[in-house]
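Chemist: Handing you a structure now.
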Amino acid sequence: MSLLSEVWQAVKALGTGMATVHKRVYEDAPTEFYPYVQPDLPAVSVQSLALVENEDGSERCIVCLQCERACPAQVITIERHRNPEGKGFLIDRFDIDLVNCMYCAACVEACPVSSIVTIQDFEMSTYDLHTLKADIDFLHEQSRRSRRWYSPKFGVEIRTDDGKIVKAPPEMQPGGLAELLKPAEEEVDQ
Amino acid sequence: MSYIPIPEDRHFRIKRIGYDPGRSRPWLERLVYSLYVFAFWGFVIATYAGVPALFDALGWTAGWGYVVMRATQVVLLFLLSAVIALMLILALRKYLGKVQERYGPMHYGPAGGIQTVFDALKLLGKEDFVPAAADWLTFRLAPAVTFVSSFAIFAVVPFASGWTLADTNVGLIYLIAVSTLSTYGVLLGGVSSGNKWALVGALRAGAQMVSYEIPLALVFLSVAVWGGSLSLGRIVDSQMGLWNVVPLFIPFVLYVISSLAELKHIPFDFPEAESELIAGYNVEYSGMSFAFFFLAEFVELFLLPALIVVFFFGGWHGPLFGLEPGTLAAGALQSLYFTIKTAVWVWIFLWIRATLPRYRDDQLMEFAWKAMIPLALFGLVLAAYMRLIWR
């Protein structure tokens, strides 16, 4: 009798297993078609760095050297001279070695004007590492190519279709800002 | 979020070739996948109805004309087996992908529809290599023996009433003889490779397949006793009222298990256990020699379920809608019923393959000798007894 019950249990286990496997047929695969469909990365994901210009094309960076000082890998090199016509400094050289950069975004946190920002462009693979020794033109171009970037001071900013730079709405901001704002509005309503 | 395209001169640019879900064309995918089925059906009709009708019209029905007709049919069956292998490999890969929550082949043809054709072309282009430690003649002969012993089963499988190459009155004995031969192919291939993995795989295959031949032969005997004939056509005819699966349930279950072992399919895939033996007995084979092992495996994956249908599920039987039996339309419809039943059983075999883990080697032999053979003998005696009192 025990043999028969063992056989029955084995058959039952086989049936359970095969039913479980068959359920998978109706589920969608979580595969992403990356080269054909761009993944929608979160705005705070640090994939690369860029140097943002103002809407009128002038430099947002004030050349305070805070990022150079904050960089733990020491990949940022800045040279500057005094502005002969007014206050502040002008940039001679702004290089980031993106090969040795460890993408900690300490420079982004240190920046007082949110000029250096993180962007979500991860398609940086190259046959020639020298293309990743980014100079100021490269960093400007990266910022012009991206439509959305992040810095802790200003949050997520987006470039609209007509070239204006605006702060993103709370739904696009990280850290659940929209959810944080919601109960406050409800309390005001009550 | 979208980026302005990367400048050509600065970055490595990804080549966007292959499957693009934005441009997917479901009707084309369905067409490509159903083309395999139509090719299969077309080859069956051409082999069993077209060629005899052609030779009848030409008047070549005796002597050498008969030999040429049979030879033409065999060539068509070889093409049919190639179609079966291409179709089943693709079905296996797509089904396993579906079960494991991924897409199978996606990049060649619509939804990967011609991936296996490219695989076959790749195997054709590869160097056919004989290792220095191998025994040349045996090494070369083994894939042929394996493929021929699988392919020879086609001779007695009836696709519709009268649609068989040889409706002999010793069909079952022929089946036992021929399917035992495939053990030789695997054994010779493994032993002659001069490779320790291949040797272990071949020894396992020998032990396993010889053990599981015995319940298989006993199941054949039960079917013969209950059907009252050794001819496969007569066995199918005897299931007109009631399919054999009801009276012969024990032999049916034993047949499914031992045909899984014959196929070297997953609960019994010791001869080619990937995690232990790399590829087992065919580890040293490459190019078309390997392709013939593969072809044999997938032809058997079609033929053993087909024999399940012949023995237990009424073969080609199905509603004929008033068509006269023996005509071309009736034969085509019957072969369609046979194909559908076989396809369901192939799917169940793939399902088992997707579900179960591998058995343990000592338990495998214990199961064969202590459980399956006594049960098969019991099933044989039961079939004989029921035959005595009911028929």
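The values are calculated or read from the model by the stated rules, or taken from the named source; none is laboratory data. Since the model is a prediction, treat every value here as computed from it, not as a measurement. Backbone-built Cβ (ideal geometry, glycine too); neighbour counts: all protein chains shown. Protein only, heavy atoms only, side chains kept; ligands, DNA and RNA dropped before computing areas. Shrake-Rupley method; radii C 1.70, N 1.55, O 1.52, S 1.80 Å.
Chemist: Somewhere in segment A:62-83, is a residue within 14 Å of chain B (Cβ to nearest Cβ), more than 25 Å from B:PRO357 (Cα to Cα) and without any contact (Cβ under 8 Å) to a residue 24 or more places away in the chain?
Modeler: Taking every residue of segment A:62-83 in turn, none turns out to be within 14 Å of chain B (Cβ to nearest Cβ), more than 25 Å from B:PRO357 (Cα to Cα) and without any contact (Cβ under 8 Å) to a residue 24 or more places away in the chain.
Chemist: Something else about it: Are any residues in segment A:18-35 open to solvent by 50 Å² or more (accessible area, probe 1.4 Å) and within 7 Å of another protein chain (Cβ to nearest Cβ), and if so, which ones?
Modeler: The answer is A:ARG24, A:GLU27, A:PRO30, A:THR31.
Chemist: Take segment A:36-47 and flag every residue that is within 9 Å of chain B (Cβ to nearest Cβ) and exposed (fewer than 12 other Cβ atoms within 10 Å of the Cβ). Let's see the steps before the verdict.
Modeler: Taking segment A:36-47 and keeping what is within 9 Å of chain B (Cβ to nearest Cβ), we get A:36-38, A:40-41, A:43.
A:VAL37, A:ASP40, listed by residue number.
Chemist: Filter segment B:56-104 for residues that are part of a helix (DSSP H, G or I) and among the charged types (D, E, K, R) and give the result. Steps first, please.
Modeler: Residues of segment B:56-104 part of a helix (DSSP H, G or I): B:56-58, B:64-99.
Result: B:ASP56, B:ARG70, B:ARG93, B:LYS94, B:LYS98.
Chemist: Select from segment A:125-143 the residues that are open to solvent by 20 Å² or more (accessible area, probe 1.4 Å) and in contact (Cβ under 8 Å) with a residue 40 or more places away in the chain and write down the one among them that is nearest to the other protein chains (Cβ to nearest Cβ).
Modeler: A:ASP135
Chemist: Determine whether B:LEU242 is of a type outside the set (Val, Ile, Thr) and assigned to a loop (DSSP other than H, G, I, E, B).
Modeler: Values: of a type outside the set (Val, Ile, Thr): yes; assigned to a loop (DSSP other than H, G, I, E, B): yes.
Judged against the criteria, B:LEU242 is a match.
Chemist: Take segment B:80-91 and flag every residue that is modelled with pLDDT of 90 or more and surrounded by fewer than 20 Cβ atoms within 10 Å (Cβ to Cβ).
Modeler: If the condition is that a residue be modelled with pLDDT of 90 or more and surrounded by fewer than 20 Cβ atoms within 10 Å (Cβ to Cβ), then no residue fits.
Chemist: Something else about it: Can you tell me which of (1) closer than 23 Å to B:LEU375 by Cα; (2) surrounded by fewer than 18 Cβ atoms within 10 Å (Cβ to Cβ) is the one B:TRP226 doesn't meet?
Modeler: (2)
Chemist: Being open to solvent by less than 50 Å² (accessible area, probe 1.4 Å) and within 14 Å of another protein chain (Cβ to nearest Cβ) narrows it down to one residue among B:GLY109, B:GLY97, B:GLY113, B:GLY50; which is it? Talk me through it step by step, then tell me what you get.
Modeler: On the way: B:GLY109 fails: within 14 Å of another protein chain (Cβ to nearest Cβ); B:GLY113 fails: within 14 Å of another protein chain (Cβ to nearest Cβ); B:GLY50 fails: within 14 Å of another protein chain (Cβ to nearest Cβ).
Unique residue meeting the criteria: B:GLY97.
Chemist: Same structure, new question: Name the one entry in B:VAL178, B:VAL219 that is buried (at least 24 other Cβ atoms within 10 Å of the Cβ) and closer than 14 Å to B:LEU307 by Cβ.
Modeler: On the way: B:VAL178 fails: buried (at least 24 other Cβ atoms within 10 Å of the Cβ).
Result: B:VAL219 is the single residue among B:VAL178, B:VAL219 that is buried (at least 24 other Cβ atoms within 10 Å of the Cβ) and closer than 14 Å to B:LEU307 by Cβ.
Chemist: OK, next. If a residue counts only when it is crowded, with 20+ Cβ neighbours inside 10 Å, which helices (runs of 4 or more DSSP H) contained entirely in segment B:277-379 have at least 3 such residues?
Modeler: Details: elements: B:287-312, B:328-355, B:361-366.
The qualifying helices (runs of 4 or more DSSP H) are B:287-312, B:328-355.
Chemist: Still on this structure, I have one more. Among (1) within 23 Å of A:PRO72 (Cα to Cα); (2) surrounded by fewer than 16 Cβ atoms within 10 Å (Cβ to Cβ); (3) more than 14 Å from every other protein chain (Cβ to nearest Cβ), where does A:SER151 come up short?
Modeler: All conditions are met except number (2).
Chemist: Tell me yes or no: at least one residue of segment B:185-192 is out of contact with any Ser or Thr (no Cβ under 9 Å at 6 or more places or on another chain), in a helix (DSSP H, G or I) and in the same structural domain as B:LYS341 (by TED's automatic domain parsing). Explain how you work it out, then say what you get.
Modeler: At the first step, the residues of segment B:185-192 found to be out of contact with any Ser or Thr (no Cβ under 9 Å at 6 or more places or on another chain) are B:187, B:190.
Subsequent filtering for residues that are in a helix (DSSP H, G or I) retains B:187, B:190.
Filter once more, keeping what is in the same structural domain as B:LYS341 (by TED's automatic domain parsing): B:187, B:190.
For segment B:185-192, residues out of contact with any Ser or Thr (no Cβ under 9 Å at 6 or more places or on another chain), in a helix (DSSP H, G or I) and in the same structural domain as B:LYS341 (by TED's automatic domain parsing): present.
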